1. Go through Lys101/Lys165; Lys24/Lys93; Lys27/Lys97; Lys27/Lys93; Lys165/Lys209 and tell me which ones have a Cα-Cα distance over 18 Å in this structure.
2. With θ taken as phi - 60° and the coefficients 6.51, -1.76 and 1.60, list the Karplus ³J(HN,Hα) couplings across segment 82-99 in order, rounded to whole Hz; mark glycine and proline as x.
3. Read phi for every residue in segment 20-34 and hand back ³J(HN,Hα) as whole Hz from Karplus 6.51 cos²θ - 1.76 cosθ + 1.60, θ = phi - 60°, with x for Gly and Pro.
4. Charges on Cβ only, +1 for Lys and Arg, -1 for Asp and Glu, centred on the Cα centroid of the chain; of Trp79, Phe183, Ser104, which one is farthest towards the dipole's positive end?
5. Starting with the highest mean, order 137-145, 50-58 by the number of other Cβ atoms within 10 Å, averaged over the residues of each peptide.
6. Hey, with R₀ at 35 Å, roughly what FRET efficiency would Lys24 and His140 work out to, going by the Cβ-Cβ distance, to 0.05?
7. Using 0.36 nm per residue of separation minus the Cα-Cα distance, give me the extension gain between Gln181 and Leu168 in nm, one decimal.
8. Between Tyr133, Tyr116, Tyr184, where does the largest GNM mean-square fluctuation fall for the chain, given springs only between Cα atoms within less than 10 Å?
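Bear in mind these aren't lab numbers, they're just calculated from the coordinates by the rules spelled out. Small disclaimer: the values here were computed from a predicted structure and weren't measured. With ideal geometry, Cβ positions are generated from the backbone for all residues, glycine too; neighbour counts draw on all protein chains shown.
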Amino acid sequence: MCFSPVASFSASAVLLTAGVIAIKESKFTVKLPFAVIPVFFAIQQFAEGILWLALENPEHANWRSPATYIFLIFAQVLWPFWVPFSIYMMEKKQPAKNILKILSLLGGMLSVILLYRIIVSPVSAGIDCNHIYYNLIIPHSFIIPTDIFYLSAVLVPPFISSLKKTSLLGVIMIFSLIISQIFYTRALISVWCFFSAILSVVVIYILYKIPKSDRKDYQDFRSY
């Protein structure tokens, strides 16, 4: 993350453990996409740990580009779709499910656009004041619409869902975004992803808060 490779690798280990617990709790029902969020964050943080080593040690320079792209694919491409989709899969009530479906579709379209931008535009990363920053060439007119759609896809779904405590995840993500924007503007992508990653352990809490009387109603994901 933004502080050191040790922080990234430590976060990755914690998140992988949290993900295993969450997946076990999901029991491979439609809660599974939500349960794997900590695992995805673990991979993302591990990639940034590798990037740290590649930036600090010239002998590992060959890992710089792959680690940069892996991190950005998770940060820019995966999350706009996966967050609304994972919550949509668990939602039972209308019209919340319809709204989440729309947000999932919009997030998916944004993911395709951002993936194209990452592929065709020069991408690089560097260290500045003990933080990793990512350089992406973005047309100025493209920034505001992209930010609006991205934040809508990632931050709105937890508040739309009727499931207990998902709003807590939304509040935490908004708070971490504000802190990142105020204190770590240049390294916003790295810092916000780190905070969101660590706080994604709330996923376990949310899964355990689903009433036991409702858990048996969730359809087996493998037959979905």
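1. In this structure, Lys101/Lys165; Lys24/Lys93; Lys27/Lys97; Lys27/Lys93 lie more than 18 Å apart at Cα.
2. 5, 4, x, 5, 5, 6, 4, 4, 8, 6, 10, 8, 9, x, 4, 5, 5, 5
3. Those phi angles translate into 4, 5, 5, 5, 4, 5, 5, 6, 6, 8, 5, 7, 4, x, 6 Hz.
4. Positive-most Cα among the choices belongs to Ser104.
5. Top of the packing list down: 50-58, 137-145.
6. For R0 = 35 Å, the calculated efficiency reads 0.15.
7. Between Gln181 and Leu168, full extension yields an extra 2.7 nm.
8. Tyr116
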